[in-house]
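Each remark here refers to the structure printed beneath this line.
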Amino acid sequence: MSTGHLTIDLDALIANWRALDHYTNCETAAVVKADGYGLGAGRVAKALAQAGVRKFFVAVAEEGAAVRQALGPGPEISVFSGHMRGDTDMIHDLHLTPMLNSIQQITRHLEALPGHPFGLQLDTGMNRLGMEWDEWAAIAETALKQRPTLVMSHLACADEADHPMNAYQLDVFHQMTDGISTPRSLAATGGILLGKEYHFDLTRPGIGIYGGEPFGTAQKVVRMDLPVIQIRHLDEGEVVGYGNTWQCTRPTDIATVSAGYADGLIRAMSDKATLWFEDSPCPLVGRVSMDLLTVDVTDLTETPHALTLLGPNQTVDDLARDAGTIGYEILTSLGPRYTRRYQSR
Ligand SMILES: *Cc1c(COP(=O)(O)O)cnc(C)c1O
């Protein structure tokens, strides 16, 4: 077995969802887009459904189809991209709930699938998805008569608690939706942590469930172990890898490890990230290549068969910082080549 191993702790995943749920007095959904933030949407959704989650969100209808296949009928699966051209059969047959983003989508949905559930997405300043003031003013009365499941918006700066955009978007959301009887949702992970005025009727956490910031007290969900293919000894002055970017300044043992940028370990980690053998740090040296990493293991007292990139000594966010990115990008870039093992007690 030479692919990397991901060990996904489903108990930690569920504990994180429960902890986020305890922050609020409202219902808590789970966002499982991008293949469950890279960890496997089917398995993740199933574990969460068994723990009591009744509402799931995905980015696109195709992801909703995969989650429906895993969950069977019952749980509500909502689609952020709404009702796109060509999605009608999937939305109907798999009973997905599109979060409609424009008058055009509302028209398409009501014409193609009258009586089929839908939600409405409003833009409160992020300028990404959803209807703005003028569109909403034009359609709100008609759309609300069709009994949407949810009216939602999304915060642009919720990971920065002091950012003035949070209060601004909250105010806009109130102005756009106060007085309606439809359930409302504004908060993802960051919004949950901002406090109860952001919670409304439903929250939509993603990253916090998977153990990432801004949910600082999250339990670690994923461990990544990478097999060592071979170890070689270098004399002082020898070079390692593409471009010869790293040269050793002492006699050095280099472990060649099976994973690379094709596995989401992006080239920006080159010469920056650290792998671990138990509690000993081993620096990644030279460039990350497509399928391989080269790691300085000179200081280890035993020969490692595998090195750990995510685990007790290094979180997804630690690794992200080394690579100049965010935990979300590390997780969702992992790709299909790992063996994923799911653990629960
Ligand atoms: C991705 C996403 C979420 C989940 O966000 P996290 O920061 O991962 O909790 C919630 N709502 C919308 C609209 C999203 O796009």
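The values are calculated or read from the model by the stated rules, or taken from the named source; none is laboratory data. Please read all numbers here as calculations on a predicted model, not as lab measurements. Cβ atoms come from the backbone with ideal geometry, glycine included; neighbour counts cover every protein chain shown. Areas reflect the complete protein model, heavy atoms only, side chains present, ligands, DNA and RNA absent. Shrake-Rupley method; radii C 1.70, N 1.55, O 1.52, S 1.80 Å.
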Exactly one of these conditions fails for Ala143: (1) open to solvent by 10 Å² or more (accessible area, probe 1.4 Å); (2) over 23 Å from Ile192 (Cα atoms). Give me its number. (1)
Checking Asp235, Asp225, Asp171, Asp201 in turn, the sole residue that is away from the ligand (no atom under 16 Å from the Cβ), within 23 Å of Tyr23 (Cα to Cα) and of a type outside the set (Ser, Thr, Tyr) turns out to be Asp171
Do we find a residue being assigned to a helix (DSSP H, G or I), open to solvent by 10 Å² or more (accessible area, probe 1.4 Å) and not aliphatic (A, V, I, L, M) anywhere in the range 207-223? no
Could you check the range 44-76 and list, in sequence order, the residues that are in a loop (DSSP other than H, G, I, E, B) and within 16 Å of the chain's Cα centre (by Cα)? Ala59, Val60
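Yes/no per residue for (1) outside any helix (DSSP H, G or I); (2) buried (at least 24 other Cβ atoms within 10 Å of the Cβ); (3) hydroxyl-bearing (Ser, Thr, Tyr):
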| position | (1), (2), (3) |
| --- | --- |
| Asp35 | no, no, no |
| Gly42 | no, no, no |
| Ser78 | yes, yes, yes |
| Gly115 | yes, no, no |
Let me confirm something: among Arg345, Arg341, Arg321, which residue is open to solvent by 90 Å² or more (accessible area, probe 1.4 Å) and at pLDDT below 95? Arg345
Among the candidates Asp159, Asp134, residue that is open to solvent by 50 Å² or more (accessible area, probe 1.4 Å), modelled with pLDDT of 95 or more and away from the ligand (no atom under 16 Å from the Cβ): Asp134
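Residue-by-condition table, conditions (1) assigned to a strand (DSSP E or B); (2) free of Cβ contacts under 8 Å to residues at least 60 places away in the same chain; (3) outside the structural domain of Leu226 (by TED's automatic domain parsing):
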| site | (1), (2), (3) |
| --- | --- |
| Gly243 | no, yes, no |
| Arg250 | no, yes, no |
| Ala255 | yes, yes, no |
| Ala262 | no, no, no |
| Leu275 | yes, yes, no |
| Cys282 | yes, yes, no |
| Ser289 | no, yes, no |
Taking the conditions exactly as written (of a type in the set (A, V, I, L, M), open to solvent by less than 30 Å² (accessible area, probe 1.4 Å) and on the phi < 0 side of the Ramachandran plot), does Leu334 satisfy them or not? yes
